[in-house]
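The values are calculated or read from the model by the stated rules, or taken from the named source; none is laboratory data. All figures in this text were calculated on a predicted structure; none of them were measured in a lab. Note that each Cβ is placed from the backbone with ideal geometry, even for glycine, and that neighbours are counted across all protein chains shown.
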Amino acid sequence: MIARSGLLDAVFPEASSALCAPTLNAFLARGQAVWRPVRARLSNLLAVGNRELHDAGIAERALVERSSVRMVLPIAVGDYVDFYSSREHATNLGKMLRPEGEALLPNWRYLPIGYHGRANSVVASGTPITRPRGQFKIPERTEPIFAPTRMLDFELEIAFVTGDGPSLGAPISVERAREHIFGIALLNDWSARDIQAWEYQPLGPFLSKSFATSLSPWIVPLDALEPFRVEGPTQEPPPLPHLATSDSQNYDVALAVEFSSATMRRAAATPQTIARTNSRGLYWSMAQQLTHLTSNGAGIKAGDLCASGTISGSEPGTFGSLIELTWRGTRPLELPDGSSRTFLADGDAVTLRGWCDRPGAVHIGLGEVGGTVLPAPH
């Protein structure tokens, strides 16, 4: 509505066509030279005391209650990569999966590990998640079975969305990586841990993660997060030169996971917050992730999606997945109704939330991303 009114034309003459499209991809393709002035103009229009929207007669049509609209995917996802950037999460899983060996494999400290997911399985927040079937091992059998997963999990992540990159074969340097990142959103990389444990060697996750990935409808521009840019953890050994950074690359984003069972919702019980953590502790930054992704000459396009991997802290209660919170099912999570969980049951709902706060800065909300588990199809 604001774009159609012509109020953005002075900074972006093609605003009406690019911003009134079904997705943001056309806008993302314009790059930082357009993103910044459009954001500045919108901020000015929405500032307290500015009456331009009212004077143009569009305020009531341009500003609507969120509950009155259906939120959809903000982008057409072109490519999807999920990284493994939290040292705490990687260490926890290493301890569970390799109890007699090193928690972190030797390459982990040298490069941002990642895998390619399925872009067409990325769904909007609120989309129900059907329990997947797959092949996995159970203790009472020597051969695998094919059945609905018994270890369905969530993963608390943030993701960044890119604009267009340079031509194929031209890497993006870590110093210029932020120029190609439009903004961030919340993401839940739903995971079937039993399927994952059976399939991940030697090539990593496949069907255990490709069935659904939930993305928030809100993308917060990276420029809006500038007041919350912070130093990340010390990297030891130092990264190779192409991944070495000279300034602060992490972001102070508070994160929380809310859980409710079907029984809790029938009783109108308040969802239980089962984890709180922060993205500032990510070992590998978004800039390093993007630089690594393109270091071999691979290209990026507007609407590509790159996720952080599960974000976990170092203390119980700061873990971003059930496999960690319950330590692979050995420490069940107690719920207010007296029941417990090791992994997600049918009817369970998970909502991820994120926000940025600090004295002297404007509160920034990342909204939410949620989903409810449906039974596997017969």
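Kindly indicate whether D153 is of a type in the set (D, E) and either more than 14 Å from the chain's Cα centre (by Cα) or modelled with pLDDT under 95 (or both). Answer is yes for this residue.
Hey, any hits in segment 127-136 for a residue that's of a type in the set (A, V, I, L, M, F, W, C), surrounded by fewer than 21 Cβ atoms within 10 Å (Cβ to Cβ) and touching a residue at least 12 places away in the same chain (Cβ under 8 Å)? Looking through segment 127-136, none of the residues is of a type in the set (A, V, I, L, M, F, W, C), surrounded by fewer than 21 Cβ atoms within 10 Å (Cβ to Cβ) and touching a residue at least 12 places away in the same chain (Cβ under 8 Å).
Pairing residues of segment 266-277 that are assigned by TED's automatic domain parsing to the domain that holds F154 with residues that are part of a strand (DSSP E or B) and among the polar types (S, T, N, Q), at Cβ distances under 8 Å and at least 6 apart in sequence or on separate chains, gives A269/S260; P271/S260; P271/T351; Q272/S260. Of all the listed residues (A192, A159), the sole one being under 19 Å from P74 (Cα atoms) and out of contact with any helix residue (DSSP H, G or I) (no Cβ under 7 Å at 6 or more places or on another chain) is A159.
I'm checking my understanding of the structure. Among residues of segment 203-223 that are in a loop (DSSP other than H, G, I, E, B) and polar (S, T, N, Q), which one is nearest to the chain's Cα centre (by Cα)?
That would be S216.
The rows are residues; the columns are (1) surrounded by fewer than 23 Cβ atoms within 10 Å (Cβ to Cβ); (2) more than 19 Å from L156 (Cα to Cα); (3) of a type in the set (A, V, I, L, M).
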site	(1), (2), (3)
V257	no, no, yes
A268	yes, yes, yes
G281	yes, no, no
K301	yes, yes, no
C306	no, no, no
I311	no, no, yes
I323	no, no, yes
W327	yes, no, no
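Picking from residues in segment 349-378 that are of a type outside the set (V, I, T) and closer than 20 Å to G134 by Cα, the one that is surrounded by the fewest Cβ atoms within 10 Å (Cβ to Cβ) is H378.
Taking the conditions (1) under 18 Å from the mean Cα position of the chain (by Cα); (2) without any contact (Cβ under 8 Å) to a residue 24 or more places away in the chain in turn, E226 satisfies each one other than (1). T213: over 30 Å from E143 (Cα atoms) and β-branched (V, I, T), yes or no? So T213 does not fit the description; no.
Per-residue answers, yes or no, for (1) among the hydrophobic types (A, V, I, L, M, F, W, C); (2) in contact (Cβ under 8 Å) with a residue 24 or more places away in the chain; (3) assigned by TED's automatic domain parsing to the domain that holds T162:
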{"residue": "D9", "(1), (2), (3)": "no, no, no"}
{"residue": "A29", "(1), (2), (3)": "yes, yes, no"}
{"residue": "L46", "(1), (2), (3)": "yes, no, no"}
{"residue": "A56", "(1), (2), (3)": "yes, yes, no"}
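Could you tell me which residue of segment 149-195 is surrounded by the fewest Cβ atoms within 10 Å (Cβ to Cβ), considering only residues that are in a helix (DSSP H, G or I) and of a type in the set (K, R)? Out of the qualifying residues, it is R178.
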